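A.B. asks: I'd like to ask you about the structure that follows.
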Amino acid sequence: MSDTIEGQTIEGHGGDLALAALRAYGVTELFTLSGGHVFPLYDAAHRSGFPIYDVRHEQSAVFAAEAVAKLRRRPGLAVLTAGPGVTNGVSGLTSAFFNGSPVLVIGGRAPAFRWGSGSLQEIDHVPLVAPVTKHAATVVDTAGIPGAIGTALAAALTPHRGPAFLDLPLEVIFSTAEVPAPEAAPVPVLEPDPDELARAASLVAAAQRPVIIAGSDVYAGDAVPALREAAEALRVPVFTNGMGRGALPPEHPLAFAKARRAALSGADVVVVVGTPLDFRLGFGDFGAAQVVHLVDAPQQRAGHVAAAASPAGDLRLALSGLADHAGPREDHEPWIEQLRAAERAAAAKHADELTADTDPIRPARVYGELRRVLDRDAVTVGDGGDFVSYAGRYLEPSVPGTWLDPGPYGCLGTGMGYAMGARLTYPDRQVCVLMGDGAAGFSLMDVESLARQKLPVVIVVGNNGIWGLEKHPMRAMYGYDVAADLQPALRYDEVVSALGGAGETVTRPDGLAPAFKRAFDAGVPYLVNVITDPADAYPRSSNLA
Ligand SMILES: Cc1ncc(C[n+]2csc(CCOP(=O)(O)OP(=O)(O)O)c2C)c(N)n1
Ligand SMILES: [Mg+2]
C-alpha cells in the first residue's frame, strides 16, 4: 500500500483495504492463528504497526475477539484461515450470536476463479455460519472490501447486536485496488414506542412488589446509568445476570443478588431488561406476576411469553423513559425491606460456607478467599460447570462490565480466549479465570499464547477430578455414571509451568490465601490448582447442560 492517503482515496491489496475499514470502526487488534489464505491482512497489520495476537486454536481467537467486543462495546476481530480455520471458529461465532456480541470474523477462502477444482481447504463457509451470524457474505472484488466490512459491521453493531462473517477469496485479498478512504457509518438509534413505554412505566409504578432483572444488553447498550436512574426513581429492587452483573454495586440499597427466589416468587411485576426470557429466567414464567420485557430490538421480544408491555428500542431511552414516569407511584419500601431481610439471611448462610474449613476443600471456600484478594474492578472469567455456578453465587461484581460468563449457549472452552481479550482491554487490572478441570482441557494450551505474548492472568482451577455438572446429575438419573471421570488431582499447574507460566497445587484451605497472593504477583500466567471435593454437587433444579 502506498502509505500516504492521497486526498480521499487509499490504494493497496485486500489486506490494506480491509484494515483501513476496520480502523475506521475503532478496531485496534486482531486475533488469529496463522494461515496463508489471510497473509495480506497480516502484511497490512505488520507494516502499519497494528497489533496481531495469535493463538493455538481458532476458537480462542474468536473468544478473545468476543471478550474485547463485550468489554469494550466495539467490534472484536478474528481473522481465520480458509476451511478448518473457519470451522474451528464456529462455536465462538455461535456464542457471540447468543450473547449479542459484535464480533467480526474475516475468513480466508479458496480462490474463486478455480472454485470446484479442488483447491486446498476449499469449502463454502457462508451457509455454515449464516444461521449463527447477523450477516455472512463472500466479498467478490478487492475494491468492494471496505464497503463489505462497513455492511458487516453495521449489522453487527445495530441492536440487537451479534457477530458477522466475511470471507475473502484468495485472488480478492491478494489483488490491489484504489478506493475512497473508508469511514464508519453511525449506528441507528431505535426509539421505543412512547405508548408502550408509558404502559410499562405505569405497570411498574402501580405494582406493590416490582422487581427489575437487568442483563447483558444493559451493559452492551451503555444503559447502566439509565438503569440506576430508573431503579432509583421508581424504587425497584434490581437483580442482574450476565454482563449486567455489577450494574449496581453490591452496597447500593436497591442491589440484590441472593434473595432471587423470594423476589421472583413474591413479585407482582417483573421487569426484565436486556436479556431474553430463557432458561436462566425460568422461561419468563414468574407465576402470577406480570412480565414487562424491555428489549433492544423488536425481534428480541419473547414469542413464548405474553408480556404485559414490551417496549423495543434503545435501552438508554427506554430506561430513562421509566425514570421520567410522572404519574402516581405505590410505596415499594415494605417490599424492599422484605427482600433486604431475605438477602441478609442468605448472606449469613453464605458467610459460613465461604469460611468452611474442610478437607477436601469445598468450592465455596475458594471463593471466600478470592473475595479477599480480588480488586473491585477485577475482571473474572468463568469457564466450567459446578465450579463456575459457585462463582456466580459467591462472587459479587462491584463494577459493570467485569463479569465474563459464556452466556446462554453455555460453551465450555472460553477461558483462555476471554482471558486474552480481558487482559488486552485492561492491562492494569486483575484478570482471574475460574475454571473447572474439565473445562481446562479445551483451552489450556493457549497459556502458551498468553505467556509468549506477555499477557499474565491468574487461573484458578476447581479440580474435583470429574465433569461434575454431568456426573452428579447422571448418577441421580441412572444410579451410575459414564464418561464423567477425569484423572484425579492432575497437575494442571505443571502444564502451565511447562507452557511458560507458573503455578502450584493447593490441598488445604489455609493454602489458598498465600497461593492467590503469589498468583497475582507472578507477572506470568499462573495457575492455582485447587483440589476440591468431588462429592460436592451444586444444588440446582435442572441439571441438564
Ligand atoms: C463444549 C461443551 N461440551 C460439553 C458441555 C457439557 N458440559 C456442561 S458442564 C460440563 C462439566 C464441566 O466440568 P468441569 O469443567 O470440570 O466443572 P465441574 O462441573 O466439575 O465443576 C459439561 C461436560 C458444554 N457445556 N460445552
Ligand atoms: Mg470438574
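A.B. asks: Over 20 Å from L157 (Cβ atoms) and either touching a Leu at 6+ places or on another chain (Cβ under 7 Å) or in a loop (DSSP other than H, G, I, E, B) (or both): does that describe G85?
C.D. replies: Yes: the conditions hold for G85.
A.B. asks: Please indicate, with yes or no, whether at least one residue in segment 243-263 is aliphatic (A, V, I, L, M) and in a strand (DSSP E or B).
C.D. replies: yes
A.B. asks: Return the residues of segment 385-404 that are open to solvent by less than 20 Å² (accessible area, probe 1.4 Å), under 19 Å from S443 (Cβ atoms) and of a type outside the set (A, V, I, L, M, F, W, C); say none if nothing qualifies.
C.D. replies: D386, the sole residue that qualifies.
A.B. asks: Can you pull out the residues in segment 192-231 that are more than 30 Å from P406 (Cα to Cα) and open to solvent by 40 Å² or more (accessible area, probe 1.4 Å)?
C.D. replies: Passing the criteria: D193, P194, D195, A198, R199, S202, A206, Q208, R209.
A.B. asks: On to the next question. I'd like the full set of residues that are assigned to a helix (DSSP H, G or I), hydroxyl-bearing (S, T, Y) and open to solvent by 20 Å² or more (accessible area, probe 1.4 Å), limited to segment 128-151.
C.D. replies: T151
Every residue, every condition in (1) surrounded by 23 or more Cβ atoms within 10 Å (Cβ to Cβ); (2) out of contact with any Leu (no Cβ under 7 Å at 6 or more places or on another chain); (3) among the basic types (K, R), yes or no:
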site: D278; (1), (2), (3): no, yes, no
site: A289; (1), (2), (3): no, yes, no
site: A302; (1), (2), (3): no, no, no
site: A308; (1), (2), (3): no, no, no
site: R316; (1), (2), (3): no, yes, yes
site: D324; (1), (2), (3): no, yes, no
site: D331; (1), (2), (3): no, yes, no
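A.B. asks: Being away from ligand 1 (no atom under 16 Å from the Cβ), open to solvent by 40 Å² or more (accessible area, probe 1.4 Å) and in contact with a helix residue (DSSP H, G or I) (Cβ under 8 Å, 6 or more places away or on another chain), is that true of even one residue in segment 465-476?
C.D. replies: First pass over segment 465-476, keeping only residues away from ligand 1 (no atom under 16 Å from the Cβ): none.
No - not one qualifying residue is present in segment 465-476.
A.B. asks: I would also like to ask the following. Looking at segment 131-145, which of its residues are under 20 Å from R114 (Cα atoms) and either among the hydroxyl-bearing types (S, T, Y) or in contact with an Asp or Glu (Cβ under 9 Å, 6 or more places away or on another chain) (or both)?
C.D. replies: Passing the criteria: A137, T138, V139, T142.
A.B. asks: Then there is this: Which pairs have Cβ atoms under 8 Å, sit 6 or more apart or on different chains, and link a residue in segment 479-495 that is closer than 12 Å to G438 by Cα to one that is within 12 Å of ligand 2 (Cβ to nearest atom) and aromatic (F, W, Y)?
C.D. replies: Going by the 8 Å Cβ cut-off, the qualifying pairs are A483/W467; A484/W467; D485/W467; L486/W467.
A.B. asks: Among the residues in segment 102-124, are any among the aromatic types (F, W, Y), touching a Ser or Thr at 6+ places or on another chain (Cβ under 6 Å) and farther than 30 Å from P192 by Cα?
C.D. replies: No: segment 102-124 contains no residue that is among the aromatic types (F, W, Y), touching a Ser or Thr at 6+ places or on another chain (Cβ under 6 Å) and farther than 30 Å from P192 by Cα.
A.B. asks: Give the residue that is nearest to G410 (Cα to Cα), with candidates limited to residues of segment 477-491 that are within 11 Å of ligand 1 (Cβ to nearest atom) and open to solvent by less than 50 Å² (accessible area, probe 1.4 Å).
C.D. replies: Top of the filtered list is A484.
A.B. asks: Please enumerate the residues belonging to segment 168-221 that are free of Cβ contacts under 8 Å to residues at least 12 places away in the same chain and within 30 Å of I10 (Cα to Cα).
C.D. replies: Listed by number, the list holds a single entry, P186.
A.B. asks: A further question on this structure: Can you pull out every residue in segment 442-454 that is open to solvent by 10 Å² or more (accessible area, probe 1.4 Å), hydrophobic (A, V, I, L, M, F, W, C) and farther than 27 Å from D485 by Cβ?
C.D. replies: A451
A.B. asks: Looking at (1) in contact with a Phe, Trp or Tyr (Cβ under 8 Å, 6 or more places away or on another chain); (2) farther than 23 Å from D536 by Cα, which one does L412 not meet, given that it meets all the others?
C.D. replies: All conditions pass for L412, except number (2).
A.B. asks: Go through (1) within 13 Å of ligand 1 (Cβ to nearest atom); (2) open to solvent by less than 50 Å² (accessible area, probe 1.4 Å); (3) over 24 Å from G523 (Cα atoms) one by one and return the number of the condition G462 breaks.
C.D. replies: (3)
A.B. asks: Out of A200, A259, A231, A226, I need the residue that is under 21 Å from H332 (Cα atoms) and touching a Lys or Arg at 6+ places or on another chain (Cβ under 6 Å). Which one? Can you show your working first?
C.D. replies: Details: A200 fails: touching a Lys or Arg at 6+ places or on another chain (Cβ under 6 Å); A259 fails: touching a Lys or Arg at 6+ places or on another chain (Cβ under 6 Å); A231 fails: touching a Lys or Arg at 6+ places or on another chain (Cβ under 6 Å).
A226 is the lone residue from the list that is under 21 Å from H332 (Cα atoms) and touching a Lys or Arg at 6+ places or on another chain (Cβ under 6 Å).
A.B. asks: For segment 361-378, name all the residues that are open to solvent by 50 Å² or more (accessible area, probe 1.4 Å) and out of contact with any Lys or Arg (no Cβ under 6 Å at 6 or more places or on another chain).
C.D. replies: R362, R371, R372, D375, R376
A.B. asks: Among the residues of segment 405-441, which ones are surrounded by fewer than 24 Cβ atoms within 10 Å (Cβ to Cβ), of a type in the set (F, W, Y) and more than 9 Å from ligand 1 (Cβ to nearest atom)?
C.D. replies: Y426
A.B. asks: Based on what the data block shows, is V381 closer than 23 Å to L486 by Cβ, open to solvent by less than 10 Å² (accessible area, probe 1.4 Å), away from ligand 2 (no atom under 16 Å from the Cβ) and out of contact with any Ser or Thr (no Cβ under 9 Å at 6 or more places or on another chain)?
C.D. replies: Numbers: closer than 23 Å to L486 by Cβ: yes; open to solvent by less than 10 Å² (accessible area, probe 1.4 Å): yes; away from ligand 2 (no atom under 16 Å from the Cβ): yes; out of contact with any Ser or Thr (no Cβ under 9 Å at 6 or more places or on another chain): no.
No; evaluated as a whole, the condition is false for this residue.
A.B. asks: Out of curiosity, is A154 surrounded by fewer than 20 Cβ atoms within 10 Å (Cβ to Cβ), among the aliphatic types (A, V, I, L, M) and in a strand (DSSP E or B)?
C.D. replies: In short, no.
A.B. asks: From the list G118, G162, G100, G107, which one is over 18 Å from V86 (Cα atoms) and either of a type outside the set (S, T, Y) or surrounded by fewer than 20 Cβ atoms within 10 Å (Cβ to Cβ) (or both)?
C.D. replies: Values: G118 fails: over 18 Å from V86 (Cα atoms); G162 fails: over 18 Å from V86 (Cα atoms); G107 fails: over 18 Å from V86 (Cα atoms).
After ruling out the rest, the residue left standing is G100.
A.B. asks: Give, as residue ranges, the helices (runs of 4 or more DSSP H) completely inside segment 339-454 that count at least 3 residues that are in contact (Cβ under 8 Å) with a residue 60 or more places away in the chain and within 16 Å of the chain's Cα centre (by Cα).
C.D. replies: 415-425
A.B. asks: For the subset of segment 232-266 comprising residues that are open to solvent by less than 10 Å² (accessible area, probe 1.4 Å) and β-branched (V, I, T), which member is farthest from G327 (Cα to Cα)?
C.D. replies: Out of the qualifying residues, it is V238.
A.B. asks: If Q487 meets every condition in (1) away from ligand 2 (no atom under 15 Å from the Cβ); (2) over 29 Å from D377 (Cα atoms); (3) among the polar types (S, T, N, Q) apart from one, which number is that one?
C.D. replies: Answer for Q487: the failing condition is (1).
The values are calculated or read from the model by the stated rules, or taken from the named source; none is laboratory data. Computed from a predicted structure; not experimentally measured. Note: ideal-geometry Cβ built from the backbone for every residue, glycine included; neighbour counts use all protein chains shown. The accessibility values were calculated without ligands, DNA or RNA, using every heavy atom of the protein model including side chains. Shrake-Rupley method; radii C 1.70, N 1.55, O 1.52, S 1.80 Å.
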